[in-house]
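The values are calculated or read from the model by the stated rules, or taken from the named source; none is laboratory data. The shown structure was predicted, so the numbers you read here are calculated from the model rather than taken from an experiment. Positions of Cβ are generated from backbone atoms using ideal geometry, with glycine treated the same way; all protein chains shown enter the neighbour counts. Note: areas computed on protein heavy atoms with side chains; ligands, DNA, RNA excluded. Shrake-Rupley method; radii C 1.70, N 1.55, O 1.52, S 1.80 Å.
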Amino acid sequence: MTIKEQLYNLCLVFVEQRLITVNKTILDIQNSLQSETKSSAGDKHETGRAMLQLEREKAGHQLAEIEKQKQILHKVNMESKHQKVALGSVIKTTQANYFIAVSAGEIVIDKTTYYAISAATPIAQLLLSKGVGDKVAFRDAKFEILEVL
């Protein structure tokens, strides 16, 4: 299995785990809302329901974000070889290694650290369309692209 495939699979697992967590949260909120209906403590009851509704709305937004991440991952073409940085690229630089897909944080494969980042992040915006040998300045750091997979 290639580095790109391993990174892709780990990002997929990350998104699926987030989906499970959010779905559990939504289920817990639904259960709490149902038990709140059985109570009739006046204002306290209404405040509790309002808080649960807000939590459910927040979880709904998280669910929508996870769905977007899944769609982005499905757009990644595992077969493509990139000359320039694009969605699905693995980039090795003099400073760090990146996988442009979804923001899944730090991933270590064979003692090498990669950062799974969204194409919308500032660092990814700087890297997109760059190739091997290009130099990039981000914040106070300057680095060079060594490899694009």
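Taken across the range 42-62, residues that are under 22 Å from residue 7 (Cβ atoms) and under 14 Å from the mean Cα position of the chain (by Cα) do not occur at all. Which of the residues spanning the range 82-107 are touching a Phe, Trp or Tyr at 6+ places or on another chain (Cβ under 7 Å), open to solvent by 50 Å² or more (accessible area, probe 1.4 Å) and part of a strand (DSSP E or B)? Listed by number, the list holds a single entry, 106.
For the range 54-81, a tally of residues being part of a helix (DSSP H, G or I) and open to solvent by 100 Å² or more (accessible area, probe 1.4 Å) returns 8.
Here residue 34 does not fit the description of being part of a loop (DSSP other than H, G, I, E, B) and open to solvent by 80 Å² or more (accessible area, probe 1.4 Å).
Checking 94, 121 one by one, the residue that is of a type in the set (Val, Ile, Thr) and under 21 Å from the mean Cα position of the chain (by Cα) is 121 and no other. Evaluating residue 116 against the criteria (1) under 22 Å from residue 10 (Cβ atoms); (2) assigned to a loop (DSSP other than H, G, I, E, B); (3) modelled with pLDDT of 95 or more leaves one unmet condition, (2).
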